[in-house]
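The values are calculated or read from the model by the stated rules, or taken from the named source; none is laboratory data. The shown structure was predicted, so the numbers you read here are calculated from the model rather than taken from an experiment. As a convention, Cβ positions derive from the backbone with ideal geometry for all residues, glycine included, and neighbour counts pool all protein chains shown. The accessibility values were calculated without ligands, DNA or RNA, using every heavy atom of the protein model including side chains. Shrake-Rupley method; radii C 1.70, N 1.55, O 1.52, S 1.80 Å.
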Amino acid sequence: MSVQQERVRDLTPDRPTSARGPVVYWINRDRRTRDNWALLYAQEQARERGTHVEAVFCLVPTFLDAALRQYDFMIKGLEELEQELLALNIPFTLLLGAPPDVLAPWIDERRPSLMVTDFEPLRIKKQWLDAVISATSAPFHQVDAHNVVPCWHASPKQEFGAYTLRPKLKKLLTHFLIDFPEVAAQDASHVEGQALIDWSHVRSTLRVNTSIAPVEWITPGQRASEVSLKEFVGRIETYRDRNDPTKVGQSRLSPYFHFGQLAPQRAALEISRIGSTGQEGDPVDAFLEELIVRRELSDNFTYYNHNYDTFEGLASWAQSTLNDHRNDPRDHIYMLEQWERATTHDELWNAAQRELITTGRLHGYMRMYWAKKLLEWSSTPEEALAYGIYLNDAYALDGRDPNGYVGVAWSIGGVHDRAWFERPVYGKIRYMNANGCARKFDVKTYIRTYASNTLFP
Ligand code: FO1
């Protein structure tokens, strides 16, 4: 079976593909050997050209406020990836530095017949890709190995909300939600004499905040992600408790998706196999809605909206209502340090921030409350957005992800939401308060669970 045409884009149609040289897979977002359409496509192209596949990854010393917590998770995943690639006799090169500086000269030297890369909607990744393409003469193909329905194929424009993207995705799901073929092992001669990566040297090159430490509740890597998915399939009924942050109701798979260790499509296949009762609130349907529609809506937003992380990226109704209420008096105004250290007057908010600080997670329901209050108690909506993104990027394991940017922008800037009735500070942005939380779960238990933290005692 070959990789579907619609999943692949030729980024350099005017460049001839030379017959010689390996096919090189520049791994960006999807860091796994199984269930990876980009790797499968690279193998297919290599077979057609009578050559082999090599893989390369560029590790940068800092990335969008990521701390040791996230780098540790990513690097452990990359260590496993090296082993998995080696087992398939696929040579793996790790370059240290930004792709325009280190990958472009490497490509000139390696002379691949084709460069294959996976799809990333984030601005910095698009800039890297454009710069590497301009600095080299190699042909580039891109594969969306992250979305079930390839982002550019699902829609050619920024969608208004889940209600406009959902029907488009649903029409295409039977075509794209198919099982993955197995990745093939290459001839052992391709990795003969290849030196292993010195991971302690790699770690020594990082320039990150080390006080935001790795977390223990989740094991990084492709294999652990598959175990976690199996465990979640076995407890899918608990997804009915997904809005209760005092229970383990959510899948907790998001760091694996973010670091490309698990394919969302694999999760969609395994969860679909359980089958839905079709009843209102069925956990299978509810999870697939989040996993496919909401997740792919985030890619759609960040891909088509260049200002996905600033006030300018909000819909005009949201900008104008927030402007109308810019000068409304606020009951409290906090600076970044107070937010970060969880020292507001609101114990529920502080508990959410402490959950984020100590676990690298922020429960989906609390995430909304947390961001809404940032809007209510910051001096401007711009500041609220910037603080929300910074805190999420610095502490959440799955920060720096389209989902994170959209989550913050939904709460603070009404992205993918509609106008509600007008009130102070929020304008027509949907309001939320602690009473809403109290109706959903035992707020006191949640506050007790996250009563302290060691980073800011
Ligand atoms: N992507 C890279 O290609 N190279 C990196 O060195 C890198 C570091 C990094 C650190 C933390 C983090 O959360 C993400 C990081 N990413 C890196 C990108 C990342 O894995 C995702 O591809 C994007 O954030 C989009 O979801």
From the cross-link list Lys76/Lys444; Lys168/Lys444; Lys373/Lys444, the entries with a Cα-Cα span beyond 30 Å are Lys76/Lys444; Lys168/Lys444
Magnitude of the Cβ-charge dipole (Lys and Arg +1, Asp and Glu -1) of segment 253-390 about the Cα centre, nearest 20 debye, reported as 340 debye
Net charge near Phe311 (other residues with Cβ under 13 Å of its Cβ; Lys, Arg +1; Asp, Glu -1) is -3
In order over segment 32-48: 3J(HN,Hα) from phi, Karplus 6.51/-1.76/1.60, θ = phi - 60°, whole Hz, x for each Gly or Pro, gives 8, 8, 8, 6, 10, 4, 5, 5, 4, 5, 4, 5, 4, 5, 5, 4, 4
Ordering Asp10, Asp417 by the accessible surface of their heavy atoms, 1.4 Å probe, largest first, yields Asp10, Asp417
Non-local residues with an amide H under 5 Å from the amide H of Thr93, with H modelled 1.01 Å from N and Pro and chain starts lacking one, are Ala55, Val56, Phe57
Calc'd 3J(HN,Hα), segment 414-421, phi into Karplus 6.51 cos²θ - 1.76 cosθ + 1.60 (θ = phi - 60°), Hz, glycine/Pro = x, comes to x, 4, 6, 10, 10, 6, 10, 6
The set of residues whose placed amide H lies less than 5 Å from the amide H of His141, leaving out same-chain residues fewer than 5 positions away, is Leu11, Met115, Val116, Thr117
Rg (one decimal) and Dmax (whole number) from the Cα set of the chain, in Å, equal 22.4, 70
A correct Karplus calculation of ³J(HN,Hα) over segment 381-396, with 6.51 cos²θ - 1.76 cosθ + 1.60, θ = phi - 60°, whole Hz and x for Gly and Pro, returns x, 4, 5, 4, 4, 5, 5, x, 5, 4, 5, 5, 5, 6, 10, 6
Residue span Val227 to Lys444: 0.36 nm per residue of separation minus Cα-Cα distance leaves a gain in nm of 74.9 nm
Order by accessible surface, 1.4 Å probe, largest leading, for residues Met335, Met366 comes to Met335, Met366
Among beta bridges assigned by DSSP with both residues in the chain, the antiparallel ones amount in percent, to the nearest 5, to 20 percent
